[in-house]
Every structure is written in C-alpha cells, then in structure tokens.
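The values are calculated or read from the model by the stated rules, or taken from the named source; none is laboratory data. Owing to the predicted nature of the structure, the values given are computational and were not obtained by experimental measurement. Here Cβ is always computed from backbone atoms with ideal geometry, including for glycine, and neighbour counts include all displayed protein chains.
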Amino acid sequence: MKRVIVGLSGGVDSSVAAYLLKEQGYEVIGLFMKNWHDDSVTISDECPWLDDSNDALLVAEKLGIPFQTVDLSEEYKERIVDYMFNEYERGRTPNPDVLCNREIKFDVFLKIALSLGADYVATGHYCRKDTILKEGKEVHRLLAGKDPNKDQSYFLCQLSQDQLSKTLFPVGELLKPEVREIAKEQNLVTADKKDSQGLCFIGKVRLPEFLQQKLQPKQGDIIEISSTEEMYNKTIPNFNSKEEELEFLSLKYQYGVNNGKIVGKHQGAHYYTKGQRKGLAVGGTPEPLFVIETDVKTNVIYTGQGKEHPGLYRRGLFISNDELHWVRSDLKLQVDEKLDVMARIRYRQSLEKATLHQVDSGMYIVFENPQSAIMEGQFVAWYKDEELVGSGVIS
C-alpha cells in the first residue's frame, strides 16, 4: 500500500480526492495547511481557515483517515505575501495562486509529506498527469483537467518534473458536478460547500487594504488617454532583424502626463492593475474607464474609455531567461528556435494561438490576435494540445 498525503483544504474537491484514493487502495492521510493568521484584512467576518480546518477534520473522520494540521504561516508570509508586496511595489501584478502551488503546496508541504513517509502528495486540482517513456527516461506530462470549465492546469504551470513525479490529481478525470455527486453519496460535509474565492488560503481580501499594511497610500493623478492618440496609429517600420520585429511587437506604450487630461485622483498607483475597471471612482464618461497603464515611479494612473481601448492591447510579450520555466525540460527551445503553441496569460482566459521565439536574453511570445491587459508579473503558460509544457513571468 503506497502512502498518500492529501492536502485537505476543507473544500469538496480535496475531500473527494481523499475518498477516491482510499477507494483505490492507498493508505491516505489528511493534512490541513494553516497559512494565515491575520484576519483583519479578510472581507468575510467568519474566520475562513477555522471553518475550513473543521470541515477537513469532519471529512477525515467520515473517511476514517488520520488527520493533522500543519502551520506554514511563516513560510507563506516569506514566500508569498512578501513577494506580493514587493511585486506590487514595483508596479507588477503577481499571481499568488501559482506561487502558492510552486512554493508551498508542492515544496514545503511536499517535503513535510515525504518526511512522514509518503510516496505521493495529492490535491483536489482539476488537472491530470500521465507518464511517458522518452529515450528510456520517465517524463511526466501535466494535462488539462477533463472539465473545461474547471481546468486548473494554469495554476500548476511552475511545477517541475521532480514535483510532478510525486503528485496525484484524483479529480482531474471528473467534471465538477460528478465530484459534488460523489461527495453527496458519501455524505461528506463539504458536498454543497461553495468554492473558495480570493487568495489561496487567505480567503477574500480587500486588496488595497491588504497592500496598505506595507505600501503607504500616496495621492496621485488619474489621466485619461484618448483612443485617437497619435501613438496608436504608428506605422510599422522596416526591421533589420527578426528580433527587432519581436521587440517592436512586445513594446508597451510609454505615456507622459502631456498625452492626456487629468480626470481624478487616486491613493496609490501600486494598488491598481492594468485592465482594472472598478475602484477608480471617476464618473461622467460615455464609456467606463479602464486602467491602461500604471507608473509607480511618478505615481500616475493612465486610463482609457471602454474595453476596446487600443491602449489595452498588444500582440507580444517578453520573458527573461531567469523567469522562464519548462515543465517539459526536454522540449526547451534553443536560441533562434521557435514553436507554435496555444497560450494564456490568465487563468480564466481561453487558449490563444501564439508562437514562442527563443533569443539570447529570453523568449518572446507573439500572439496571432492582440491580447488585452498583458501585465508584468503575471504568468503566461503555453500548451501543446492538452499538455501544459512551460510557463514564465511576463517581463
């Protein structure tokens, strides 16, 4: 009997994951990760981790498996929260859920599980893994979940071959309604529990208030840029090299205060992110204002009217070599190689046709169609068919 430690989060997906593994004959142990102590910044009055750990305990009792709680709040603060503050301060938009999987669930948690004699760890993620032989070596493939509405492979885009080799995803072959059905049949307390929202393990937070713990409010101007601004109609020059063209397609627009008009005030450029519509508190425009750029150095937010504003769109992006990650290291591109893929720049986005171009300093990704709100700090992930093969942090 192989031993599997399941990250029981107190939700329905991990509860069913534990049940399925037990049915398959594994020795299953439930482990709840407590990662957050500060309830002052969560929106809901109830204390989310307390309710969740109680539900996880009830599920473990129902399934007749051992259960314990580990406190990882120190590691979580160091590796996730401090990183978030740092990224927002630099005017970037981090994705804490991707980081949480790389740094906490499949690193700190995985090491604890292995020290408890586990052969594998398992989570309730909607994705699949299979293993193929290539040149006599085992290669683990990270595949999209069967449920197209719930596929969570994007959140695992930073995992390594080593991490995948010790991981199981029991609900990846199921649709969400089937998971709920199994939970009902087994009378699990989590059967009808709503899916958790907000930051991985923290619950729903008010981001500005959360960031204000470290980043002080600082008043600045909100500037509106017209969609007819000259820079949006620049002619495409003749390029001397492919790399020049890639750089041109990936350049973001550079704004100055003279490009538009002041339409309001904000309390800190680092609280805002590209593509954001809510929280600007500027009315009286025919179409809603969207953030098209933030400048944390000058503390200015640039906005434009409507979600079709040209300032929101571009076709290319760049990833520096040190922020490039191949889940399938055997498919890694060499300098001057290119690869056609399907890619996404955020979790809920549909996959889009794109081409990877490896250069000396990193990798360009050029999309067939312009993409809205490409944000530095976000993760871009690319796929061949249903397999996620690599990812990187947008520079």
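Some observations on this one:
- Listed by position, the helices (runs of 4 or more DSSP H) enclosed by segment 52-161 that each have at least 2 residues that are closer than 23 Å to R346 by Cβ, out of contact with any His (no Cβ under 8 Å at 6 or more places or on another chain) and in contact (Cβ under 8 Å) with a residue 12 or more places away in the chain are 82-89, 96-100.
- Test for T235: is it over 19 Å from P310 (Cβ atoms) and β-branched (V, I, T): no
- Scanning segment 40-73 for residues that are among the hydroxyl-bearing types (S, T, Y), modelled with pLDDT of 85 or more and surrounded by 16 or more Cβ atoms within 10 Å (Cβ to Cβ) yields a total of 2.
- For D107, the conditions (1) modelled with pLDDT of 95 or more; (2) buried (at least 19 other Cβ atoms within 10 Å of the Cβ); (3) closer than 21 Å to K77 by Cβ are fulfilled apart from (2).
- Residue that is surrounded by the most Cβ atoms within 10 Å (Cβ to Cβ) [pool: residues in segment 242-275 that are of a type in the set (K, R) and not in a helix (DSSP H, G or I)]: K274
- Taking the criterion of being surrounded by 14 or more Cβ atoms within 10 Å (Cβ to Cβ) and either under 19 Å from S9 (Cα atoms) or of a type in the set (A, V, I, L, M, F, W, C) (or both), the residues of segment 129-144 that qualify are V139, L142, L143, A144.
- Only listed residue being over 30 Å from G145 (Cβ atoms), modelled with pLDDT of 95 or more, crowded, with 21+ Cβ neighbours inside 10 Å and not hydrophobic (A, V, I, L, M, F, W, C), chosen from G316, G311, G306: G311
- The single condition among (1) within 30 Å of L143 (Cβ to Cβ); (2) at pLDDT below 95 that K176 does not satisfy is (2).
- When we screen T298, T285, T303 for residues that are among the hydroxyl-bearing types (S, T, Y) and either assigned to a strand (DSSP E or B) or outside the structural domain of I223 (by TED's automatic domain parsing) (or both), the only hit is T303.
- Y347 being at pLDDT below 95, touching a helix residue (DSSP H, G or I) at 6+ places or on another chain (Cβ under 7 Å) and of a type outside the set (S, T, N, Q): yes
- Hits in segment 226-241 - residues which are of a type outside the set (S, T, Y) and in a loop (DSSP other than H, G, I, E, B): E229, K234, I236, P237, N238, F239, N240
- Any hit, segment 204-225, residues being farther than 30 Å from Y302 by Cα and either at pLDDT below 95 or not in a helix (DSSP H, G or I) (or both): no
Let's see how each residue does on (1) within 17 Å of the chain's Cα centre (by Cα); (2) under 24 Å from L143 (Cα atoms):
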| position | (1), (2) |
| --- | --- |
| E293 | no, no |
| N299 | no, no |
| Y302 | no, no |
| G311 | no, no |
| L324 | yes, yes |
| F367 | no, yes |
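- Counted residues, segment 123-140 - those being touching a Gly at 6+ places or on another chain (Cβ under 7 Å) and of a type in the set (G, A, S): 1
- A single entry from G220, G306, G256 fulfils the requirement of being among the small types (G, A, S) and free of Cβ contacts under 8 Å to residues at least 60 places away in the same chain: G256.
- When segment 293-310 is filtered for residues that are touching a Lys or Arg at 6+ places or on another chain (Cβ under 9 Å), more than 10 Å from I223 (Cβ to Cβ) and not polar (S, T, N, Q), the ones remaining, listed by number, are V296, K307.
- K384 vs. criteria among the charged types (D, E, K, R) and touching a His at 6+ places or on another chain (Cβ under 8 Å): no
- Residue within segment 215-237 that is of a type in the set (F, W, Y), surrounded by 13 or more Cβ atoms within 10 Å (Cβ to Cβ) and under 26 Å from the mean Cα position of the chain (by Cα) present: no
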